[in-house]
Amino acid sequence: MGGDIVLWMLGLLILLILLGTHIGVALAVCSGLGVFLMLGSFEAAISILGNTAYEAVRKDVFVVIPLFVLMGDFISRSGAAGDLYRICDRTLKRLPGRLAIATIAGNTVFAAVTGVSIAAAAAFSRIAYPEMKRAGYKRTFALGAVAGSACLGMLIPPSVLLIVWAILTELSVGALFIAGIIPGVILALMFAAYVIISVAHKPEIAPSFKAELVPLTRAEIRSELIGGLGILGLIMLVIGGIWQGFFTPTEAAGFGAIGAFIIGLIKGMRGAEILDAIYQAGRTTAPIMFLLITAQMYSRLLAIGGAVPFIQGLFFNLGAEPWMIIALMMVIWIILGMLVDSVSIILLTVPIFAPIAAVLGIDQVAFAIFGILVIEAGLLTPPFGLLVYTVKGAVPDPSVTLGEIFIGSTPYFVLILLAALIVLFIPSLATWLPSIMF
Amino acid sequence: DDFTLRIGAGHPNGPAVYVADVADFFVPEVVRRVEEETDHTITFVEGYGGSIAGVAETLESVENGILDIGAYCACFEPAKLFLHNFPYYAPFGPQDSDQQITAARAVYDQVPWLEEQFTSEYGQVLLGLHGWDNYHLGTTDPWETVDDLQGVKIGGAGPNLPWLEFAGATPVQSTLPDGYLSLQTGVYNGWLMFPSAYLGFRFYEPAPYYTLIGFGAMGVNVLTMNERSLNNLPEDVQTIIREVGAAYEAQAGASLNARQASGLTGLEEAGATISEISAEVRSGWAESLASFPSQQAAEADGRGMPGTEVMQAYLNAVGETGYEWPYEYTVE
Amino acid sequence: MGVPIKLSRGIHLISAFWTMALALLIFADVMGRQLFGAPVPGTKEILQNSVVSIAFLQLPLAIYSGSMLRTSVFADAVPALFRRILRTISALLGIGVFIALVWSTSDSFIDAYRIGEYEGEGSLRVPTWPVRGAVLVMSAFTAFAYLHMIVLDWRGKLQNEIEAPGAMAPVHIH
Ligand code: NA
Ligand code: NA
């Protein structure tokens, strides 16, 4: 009975989204209606909306989203991001697609700061995309680099997802953190290789800056160095601060925003520009937060509708072929990834999947990294891919369409799944570092 | 007929004993007994770890019928269930969880107001009590006397924070999932936590010094059922649910004690440094909290709850279990 | 620019500065903790309650400025009148959702106020009614913004079919 309603609501959700209803509204409507149909209680239906609206993002880790968006705005509007990317472009002259690679590298480093990939996507939409656009990069290519590489944040410590996973499976948080490092670096290298190969193949998708006709003046060089070094200094401060135990990743977001504000001041941002940066950053935040809230409403509908026993049933009916079980897990994760947020997916599925994987003889640490990768890949899939919507919401260019972002991130989706399978088949990529450190 | 019941808790099944006992004892036992003893069957939809309602939302979700049955700690409803947190208000009570649950039950039996509040104000029926096993303190650095804790930032959740304030430590309100990173990065340097969760949440990695203080086990968790959902079930099924609820409570103490023991063994095996404070330090700490029970009782009285009556009943009930307080609290 | 749109811009500006203030609070908290062993009490409570409030304070302008996330795959392919009807249906659903939020939040707001509901303990007790109240009031305003958008839409006032006049205009300080 619950299962039917969940499926009907899924159909309605997709219909509403295709008809252009605000995604958050569509999620809330389906959640409320689904709960009403299941429980027959109007009171229960609206109170699940009200409770979730109040509780879903009322945790201090969610502060990273507005703060990193603000940081991204300061860095990008002050021209500092442009400085860094121009320096990259000149120094890495021979590397095809170097701005996209700089974006991936930047995201890898940023990943070591934040544990929320949505924050990374929001920040880099405002830092990296305008620079690639200015350099004449093909839009889908540039957007894909931003959305795709944002997944790295969940793999490289610290990561909210790894913490939740560790708690549910009683694994060591420290060991899981360290387990994510090598697969994270491998994935970043795979992304970079994809960029180099596709640009070598089609140079027109990523033209480099035209050489300056007039050599830069000393003042220009100085200004460019201030911007470039400022960002590097900011990143060092934030990462160093976390790794030295000076502050938490959440607090790092606060330092990042203030540091970016200071860089902006040095680069000459003044009253009206500062005001505008703060104002515009705010405009990005609400739609993303509203999506997070309503995604959680929908995940609660799934839980109430018995999605968990439904999934368990699928596995019981499936015989014992290990590859089929793994494939089914991947399918379920990707489908859920299209609909709800990553933390909810872990809450719903990991208590079922982790014991099954253990029975299949899969190392629990490697399985965690595998699972995180597949779930993150789901964030790039239509119709709802939360990361793609985040990029759409944050990119300072209203003409960008969701379709372009989905198309651009498809290669990254494939690469993430590939990396997940690599970890599954070579578990030592995940288990080796923790085994020597613990 | 087949009846579907939605049951949930804000903590995940695993590290939290009261949830593990719901998933591994209450649910299968109800299913089995209803199947064997009646013409009906029960199917549970289980939502732990906050997948239906978080720790602070469970009471309300049971009240408005989103959940039929919920397990939660009164500590996350500090306002609504202020008085149900009474074991926290007289710490250093029974170290043994069985003794603690017995004492808590005696208070519920003696002051029916406690149980009636669930029904009259929140539309739910108390099926059984559960709790937390004996609380101790884990820190990132070793310490000797209570003076060493002056100004040290210690994380905790809920009504146990005043224990720290009285000792001169700086309490930091936090949640278990935040604990690991916060200990690692020095947001605070200790956590007030029973060994099972200290082990389950891996706090010994950043904070390996675990000091046995013995704040006591706390019978503050409840398993409740929406009143209408219960009344809509056939009589015989209702009876079974109530009986299994009582059995859930009856096995809680032993279950918590087992977790306390395995938690300590596990911490030791994991390489944590376990030490114990002396009897003098313990009684000194308890004495520093001398005014706390009366203060909380007075606050409850002021809110129209039978505060003094409950605190007095609790002190008496603990006495009747044969437990000797390190410091004899009194409530005036 | 209508009064409600001006109001939504004003509220938005407050929330945007609030975000900046949170960055400063975090800075003070960490510095206090690291340098003087004295964190700013209640920082965690302020942060978590702020993040909900900020999200809701920014919703009306997100509606007026057409920033709410949606896909236009299907809408791009149909005639203008049909698109307008779809927008109206979408906004009606928005009204429904936010009225439901007003309804359920007003109960919990009144309860929270009546029983003096708080979270935390000891010196860190934080009342819950202010945030519940913010969610309540802003949900009501958001429902109104959706309604207002329908009116503006049928009177042909929307720019690019999604944006209320003046919602996106740059901010000036005088
Ligand atoms: Na990370
Ligand atoms: Na998704």
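All of the numbers you see were taken from the coordinates with simple rules; none came from a lab. Bear in mind the structure is a predicted one, so any value in this text is a computation, not a measurement. In this analysis, Cβ positions are derived from the backbone assuming ideal geometry, glycine residues included, and neighbour counts consider all displayed protein chains.
Quick notes on this structure:
- Each label point was placed 7 Å from the Cα along the Cα-to-Cβ direction; for residue A:266 and residue A:90 their separation is 1.8 nm.
- Relative contact order (percent, whole number), chain B, Cα cutoff 8 Å, 6+ residue spacing: 24
- Relative contact order of chain C, pairs being alpha-carbon contacts under 8 Å that are 6 or more residues apart, as %: 29
- Shape of chain B, Cα gyration tensor, a/c cut at 1.5: prolate
- Overall form of the stretch A:2-437: prolate. Here a/c, set by the Cα gyration tensor axes a ≥ b ≥ c, is 1.5 or more, and a/b is the larger of a/b and b/c.
- FRET efficiency estimate (nearest 0.05) - Cβ-Cβ, residue A:315 to residue A:436, R0 51 angstrom: 0.90
- The stretch C:3-154, Cα convex hull volume normalised per residue, Å³: 124
- Full extension of the chain between residue B:268 and residue B:36 yields a length gain of 79.2 nm, computed as 0.36 nm times the residue separation minus the alpha carbon distance.
- Theoretical FRET efficiency, 1/(1+(r/R0)^6), r = Cβ-Cβ of residue C:76 and residue A:186, R0 41 Å, to 0.05: 0.55
- The value for the protein assembly as shown of Rg(Cα) / (2.2 N^0.38 Å) is 0.94.
- Relative to the longest principal axis of the Cα atoms of chain A, helix A:117-134 runs at roughly 40 degrees.
- Taking the three principal axes of the alpha carbon atoms in the stretch A:341-438, the coordinate ranges are 48, 26, 22 Å, sorted in descending order.
- The protein assembly as shown, dipole about Cα centre (Lys/Arg Cβ +1, Asp/Glu Cβ -1), debye to the nearest 20: 5860
- Net charge in the neighbourhood of residue B:52 (other residues with Cβ under 14 Å of its Cβ; Lys, Arg +1, Asp, Glu -1) is -4.
- Placing a pseudo-label 7 Å from each Cα along the Cα-to-Cβ vector at residue C:7 and residue A:327 gives an inter-label distance of 5.8 nm.
- Helix B:27-37 and the long axis of chain B differ in direction by around 30°, with both axes built from C-alpha atoms.
- Estimated distance in nm for a label pair at residue B:299 and residue A:399, the labels positioned 7 Å out from Cα along Cα-to-Cβ: 6.1
- Environment charge of residue B:290, counting only residues whose C-beta is closer than 12 Å and scoring Lys/Arg +1, Asp/Glu -1: -3
- Under 15 Å, Cβ to Cβ, from residue C:138 - net charge with Lys/Arg +1 and Asp/Glu -1: +3
- Histogram of C-alpha separations across the stretch A:241-304, 10 Å bin width, %: 18, 28, 29, 19, 6, 1
- Counting Cβ atoms of other protein chains within 10 Å of each residue's Cβ and taking the mean over peptide A:288-301 gives 3.
- Residue of A:20, A:34, A:82 that the Gaussian network model of chain A assigns the largest fluctuation, springs spanning Cα pairs under 10 Å: A:20
- Euclidean distance between Cα centres, the stretch B:212-250 to the stretch A:27-53, Å: 26
- Stokes-Einstein D in µm²/s, Kirkwood radius over Cα pairs - the stretch B:1-67 at 25 °C with 0.890 mPa s viscosity: 198
- Of C:75, C:134, C:55, the residue with the greatest mean-square motion in the GNM of chain C, using alpha carbon springs below 10 Å, is C:75.
- Computed over the stretch C:31-103, the Cα gyration tensor eigenvalues convert (square root of 5λ each) into semi-axes of 43, 15, 8 Å, ordered from largest to smallest.
- Angle between chain A longest axis and helix A:402-425 axis [Cα atoms, degrees, rounded to 10]: 70
- For the protein assembly as shown, share of DSSP beta bridges that run antiparallel, in % to the nearest 5: 50
- Mean projected area in nm² (Cα convex hull; one quarter of hull surface) for the stretch A:19-64: 4.1
- Note: relative contact order over chain A, using C-alpha pairs below 8 Å and six or more positions apart, is 26 percent.
- A Förster radius of 60 Å, combined with the Cβ-Cβ distance separating residue A:7 from residue C:35, puts the computed FRET efficiency at roughly 0.60.
- Straight Cα distances below 22 angstrom link residue B:153 to the lysines A:59, C:44, with same-chain residues fewer than 8 positions distant left out.
- Only lysines eight or more places from residue A:202 in sequence, or on another chain, were considered; those with a Cα closer than 29 Å are A:93, A:133, A:138, A:210, A:392.
- Most mobile listed residue (B:187, B:107, B:55) in chain B, GNM with C-alpha springs under 10 Å: B:187
- Within the stretch B:137-280, the percentage of alpha carbon pairs spaced more than 26 angstrom apart rounds to 36%.
- Stokes-Einstein diffusion for the stretch B:244-284 at 10 °C, viscosity 1.306 mPa s, with a Kirkwood radius from C-alpha pairs, works out to 126 µm²/s.
- In terms of its C-alpha gyration tensor, the stretch B:235-305 has an oblate overall shape, because the principal axis ratio a/c (a ≥ b ≥ c, square roots of the eigenvalues) is not below 1.5 and a/b does not outweigh b/c.
- Helical runs (DSSP H, four residues minimum) scored at -39500 (n - 2.57) apiece and divided by the length of the protein assembly as shown put the mean residue ellipticity at 222 nm at -21000 deg cm²/dmol.
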